[in-house]
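Have a look at the structure below, then the notes.
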Amino acid sequence: MKEEEISYYEKKVSENPINLDDWKAGVHNKTLKIAIIGIGRIGLPTSLMIAKAGYITFGIDIKQDYVEKINQGGGDPPIKFILDEPNLPEILKEVISNGKFSASTDFVKYISLANIIIICVPTPITSQKVPDYSKINEVIKNIGSLKELIKDKIVIIESTVSPLYVKNIGIPLLEKISGLEINKDFWIASCPERADPGNIIKNLKSIPRIVGACNENASKIVASFYKTVFDVNIIQVSNPRTANSVKLIENIFRVVNIAFSNEIAQLSRLLDIDYMEVLKGAKSKYNFLPHYPGPGVGGPCLPANPYFLITDGYLVSFTPNLVRLATEINQRQPAHITELIFEGLNKIKLPISETPIAVLGISYKPDVKDTQMSSVFPILNDLRQYGASITLYDPYFANEEEQGLKIELNYKFIKNNYPIILVHTGHNEFRSQEFMDFLKECKNLKMIIDCQNIYEKEDLPKGIYYIGVGRPLKYLE
Ligand code: SAJ
C-alpha cells in the first residue's frame, strides 16, 4: 500500500476514535461500516442482510473472479448456491444498486475502513478428525498485521470454532500480531451461524442469535447491532466459548439422538419390530423428541461439529465418549444400508454383480440441493465394489453431473429394467402420487429399500419386497 494511502486510513481511524456512545450512535444511526471476510454460503447472505438493514457493507473474499460475479449481481451463469437460496438474488441486486454493498479482494482497504469485522470463513474438519483453523488463523493474522488500523474495532467470529478457540488461539494471535490488547484496544465476540443451507435468509430472519463477547459493553453493542440487522431475539451469554458451545451442543444433541435412533432401529428389525411404529407410539409422550433412523448423517454441520467438542475435551484430558461413539454409529450407517441391500438380494435370489439398481436421491437430506458429506457416496462405493450396475436420479440434480456422478433426467428409466430401487433421500417427489402410480407400472420391480422410511406398506405395489431402516423385510401382498 502506498505511503499516502496508509496515512489516509490512519487519519480516518484517528479522526474518530470510537467509544461506547459512538458505538451506540453508530448502531442507532447505522453509520457503522461493516466488513465481512468470507462471502460464501453463510457470509454472503449475512452481508446482504446487513446491507439491507442500511449499513455500508464490504464483502471481502480472496477470489477475484468470484468477487466480480458478486458485484455483477451474481454473474452469468449465476453462482451455484445463490440460486438455491430463496430471495438471495433479489437482495443482492437491491444492495448493489443502492450502493450499500460491494465485494472486493482489497482486504487492507476495507478492513481499515470498517468498524465491525465479521469472519465467516470455512473451518472444516481434517481427515484426521480435527478442526482445520488454517483459513481463520490466516484471516486473524491479516487483521492483526494492520496493527494501529484495527484499534477500536470489533471482530466478530461467525465461523464454527471450538469453545476454547477464541480464548486459546484467536485472541492471543490477534494480540501478538497487532501488538494491541484485547478489551483495551479492540473487542472480540462470537456469534456462531445457525442457518440451514437452502433456507439461509429465512433462518437469519427467524432463528435467535447467540452473542458471547470479551466484555459486557462489547456484548451489548454486538447484540444491538445484530438486532438492527436480523430483528430476531439476541441471546447474550457470558463469553465466546459459551456462545460457541451453544451452537455445537444444539447440533451434537441431534447427532447423539440420531445415533440412538440408528442403533435401536437395527435392534428393532432383528426383534421383528417396526421402529417407525415404536416412534409413533413414543411420540405420544409429551417429552419424547423423535429422531429418525436413516442412511447416515450428512451435511456441512452435523458430521463435523462433534470433532470441535472432542478436540477441546482432549485439551482438558476429558474424552466425551458418548459423542464419539454416536458419531461412529452414524458413520457406520451407510454400511448397514449395504447390508440391507444384500439381505434383499438374497431374498430375491439376484447376484449383486450386474444387478441393475436404481438409486433415487443423492442429497444429504430431503428437499435440498446439497450433497455435502451425503451418505449416498459410501453406499455407492460399496455397491460398485461388488459390481452392481447403478443408475442415479435426484430431482435437484436432474440431467446434471454431481461429484462425477451422472444424474438421469427423471425416474422413468426405471420402468421395466430395475428389479431394485434404493430410495436414499426422501425427496417429496418420491412420495408424490405420480411416482407411486409409476411404481405400479414397473413390471420388473422386485424390491424397494427405503432409507428414510418415507413409505407405508399400503402405499406400495403388491408382490414386491420392502425393507426400511429399522423395519423388517416384508413381502407386500
Ligand atoms: N438426519 C437423520 N435423522 C434425523 C434428522 C436428520 O438421519 O432425525 C440426518 C439427515 O438426513 C442429514 C443429517 O442428519 O443427513 C443432518 O440433518 P439436519 O436436519 O440436522 O440438517 P443440517 O445438517 O442441514 O442441519 C442444519 C443445522 N443448522 C446449523 O448447523 C446452522 C441444524 O442445527 C438444524 O437443526 C438443521 O439444519 C435444520 O433444522 O434444518
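The values are calculated or read from the model by the stated rules, or taken from the named source; none is laboratory data. All values derive from a computational prediction rather than experimental measurement. Cβ: placed from backbone, ideal geometry, glycine included. Neighbour counts: every protein chain shown.
Taken together, LEU88, LEU146 contain a single residue that is hydrophobic (A, V, I, L, M, F, W, C), surrounded by 18 or more Cβ atoms within 10 Å (Cβ to Cβ) and more than 30 Å from THR242 (Cβ to Cβ), which is LEU88. Residue count for region 341-380 under the criterion of being more than 12 Å from the ligand (Cβ to nearest atom), surrounded by fewer than 17 Cβ atoms within 10 Å (Cβ to Cβ) and modelled with pLDDT of 90 or more: the result is 9. Taken together, ARG384, ARG324, ARG332 contain a single residue that is surrounded by fewer than 18 Cβ atoms within 10 Å (Cβ to Cβ), within 16 Å of the ligand (Cβ to nearest atom) and over 25 Å from ARG41 (Cα atoms), which is ARG332.
Residues of region 277-292 that are within 12 Å of the ligand (Cβ to nearest atom) and surrounded by fewer than 20 Cβ atoms within 10 Å (Cβ to Cβ): LEU289, PRO290, HIS291, TYR292.
Each residue in region 293-314 was checked for being of a type in the set (Val, Ile, Thr) and either more than 8 Å from the ligand (Cβ to nearest atom) or more than 29 Å from ASN453 (Cα to Cα) (or both), and 2 of them qualify. Would a scan of region 228-243 turn up a residue that is more than 17 Å from MET49 (Cα to Cα), outside the structural domain of ILE37 (by TED's automatic domain parsing) and within 14 Å of the ligand (Cβ to nearest atom)? Yes. Scanning region 57-107 for residues that are touching a helix residue (DSSP H, G or I) at 6+ places or on another chain (Cβ under 6 Å), closer than 17 Å to PRO197 by Cα and outside any helix (DSSP H, G or I) yields a total of 3.
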